[in-house]
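The block underneath contains the structure these notes are about, expressed in structure tokens.
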Amino acid sequence: DAKTTQPTSMDCAEGRAANLPCNHSTISGNEYVYWYRQIHSQGPQYIIHGLKNNETNEMASLIITEDRKSSTLILPHATLRDTAVYYCIVRVDRGSTLGRLYFGRGTQLTVWP
Amino acid sequence: ETGVTQTPRHLVMGMTNKKSLKCEQHLGHNAMYWYKQSAKKPLELMFVYSLEERVENNSVPSRFSPECPNSSHLFLHLHTLQPEDSALYLCASSQDSRGGEKLFFGSGTQLSVL
């Protein structure tokens, strides 16, 4: 799976949009971009994933650049409960064998009042 | 509530003890996983079970012994552990072990080895 690079930490004011970047310059054509988050002392939680089109769900939006070398996770109205470590993961699609999720160090997002 | 329940939530054990971690999923999934998260380290994949058969073992020491009696239950048997094995142990499940993009995690067992 391609390697990802994320900032170590970011801050965001409550109620504002949180934009978390991720670089994956070696991504290949059949690799998806996944985002998970981990709130302190809990297991990671799936947020969203995409291949090349932008995606949106009830939790967040995922913007993938046209060349697919980077992406941004957007939390439109951050709350204190969004404080967590956010992981950007790139992996092959469902058709490949032995696909696994490998978590890096992620971005610590702190939302302040 | 993720549908994946882990017990106990906390465990303290000596190096000569034998204990077991339990995981149960109520999601009808057919793949289950054990991950380890040490302090200030990324999550590490330990074992993968698909349809109750172990399909991956990432060079985990034999003092960790997994067991998957059915598709809803996963155990991690511990014996003769070392202090460096102290970590958060997370169980997860997914619909398929090849896909695995949507993993559902439990809250983990925080293990301390004295």
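Structural remarks
- Spatially proximal lysines relative to residue B:102 (Cα-Cα < 27 Å; intrachain offsets below 8 disregarded): A:3, A:52, A:69, B:22, B:36, B:40, B:41
- Projecting the Cα atoms of A:83, A:64, A:36 onto the charge dipole of chain A, computed from C-beta unit charges around the Cα centre, puts A:36 farthest toward the positive end.
- Total buried accessible area between B and A, probe 1.4 Å, nearest 100: 1900 Å².
- Put a plus charge on the Cβ of each Lys and Arg, a minus charge on the Cβ of each Asp and Glu, and nothing anywhere else: the dipole of region A:2-113 about its Cα centre is then about 320 debye.
- Counting only protein chain heavy atoms and rolling a 1.4 Å probe, the accessible areas of A:102, A:34 rank, largest first, as A:102, A:34.
- Shape box of chain A [Cα atoms, principal axes, largest first, Å]: 43, 30, 24
- Exposed loop sites are taken as GluC sites (Glu not before Pro) in a DSSP loop (any state but H, G, I, E or B) with at most 11 other beta carbon atoms within 10 Å; the longest stretch of chain A without one runs A:1-57.
- Listed as lacking a disulfide-compatible partner in the protein assembly as shown: A:12, B:68, by the criterion of no other cysteine Cβ under 4.7 Å.
- Dividing the alpha-carbon radius of gyration of the protein assembly as shown by the rule-of-thumb value 2.2 N^0.38 Å gives 1.03.
- In percent, rounded to a whole number, the relative contact order of chain B is 38, using alpha-carbon pairs under 8 Å and six or more apart.
- Mean partner shielding of peptide B:35-42, defined as the number of other chain Cβ atoms within 10 Å of each residue Cβ, is 2.
- Taking all Cα pairs closer than 8 Å and separated by 6 or more residues, the relative contact order of chain A comes to 36 percent.
- Quarter of the Cα convex hull surface for region B:1-104, i.e. its orientation-mean projected area (nm²): 6.4
- Antiparallel bridge percentage (DSSP; both residues within the protein assembly as shown; nearest 5): 90
- Protein heavy-atom surface of the protein assembly as shown, 1.4 angstrom probe: 49% of the accessible area is carbon and sulfur, with nucleic acids and ligands not counted.
The values are calculated or read from the model by the stated rules, or taken from the named source; none is laboratory data. This one's a predicted model, so the numbers in the text were calculated from it and none came from an experiment. Cβ atoms come from the backbone with ideal geometry, glycine included; neighbour counts cover every protein chain shown. Just so you know, the surface numbers come from the protein's heavy atoms only, side chains and all, with ligands and any DNA or RNA stripped out. Shrake-Rupley method; radii C 1.70, N 1.55, O 1.52, S 1.80 Å.
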